[in-house]
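Below you'll find the structure, written out as structure tokens, and then a few comments.
The values are calculated or read from the model by the stated rules, or taken from the named source; none is laboratory data. These figures come from a predicted structure and were not determined experimentally. SASA here: full protein model, heavy atoms, side chains in, ligands and nucleic acids out. Shrake-Rupley method; radii C 1.70, N 1.55, O 1.52, S 1.80 Å.
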Amino acid sequence: MKNIKEEINKTMNSLDSIQRADPGPYFYARLSARMDTRPVPLRWYWKVAAGILLVLNAGSFVILGNSESTSNEEVLNEMSSEYLYYVPDYELTFNDDML
């Protein structure tokens with residue numbers, strides 16, 4: 001316990017001699033010059049990749065927009081024939097007794 005108190009006292013005493021850090025001469029001039037530099041230009045291959053991605057995305061919308069829409073009934077009939085499952089042509093109606 002005594003050893004811990006001594007270490008705490010040493011640490012606290014070391015804080016007494018702390019001084020403010022000096023940035024050095026011309027620090028702010030170098031900092032402002034670095035901040036004023038132009039950003040890194042966008043490389044040509046990133047521009048090409050973005051263009052290709054845009055064309056593919058637009059093409060997918062065109063392809064999906066031109067696809068034939070099928071009704072739910074046609075989809076059910078296709079699935080029933082595929083899985084050999086009979087889907088009746090009538091819809092279930094619920095009576096008050098069923099609820």
Net lengthening on full extension, residue 48/residue 26 (0.36 nm per residue, minus Cα-Cα): 3.7 nm
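Full-extension gain between residue 17 and residue 36, please, as 0.36 nm times their residue separation minus the C-alpha to C-alpha distance.
Stretched out fully, the residue 17 to residue 36 stretch lengthens by 3.1 nm.
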Please give the per residue accessible area of the stretch 1-59, computed with a probe of 1.4 Å over protein heavy atoms only, in Å². 106 Å²
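Contour minus end-to-end for residue 72 and residue 7, with contour as 0.36 nm per residue of separation and end-to-end as the Cα-Cα distance?
This chain segment gains 15.5 nm when fully extended.
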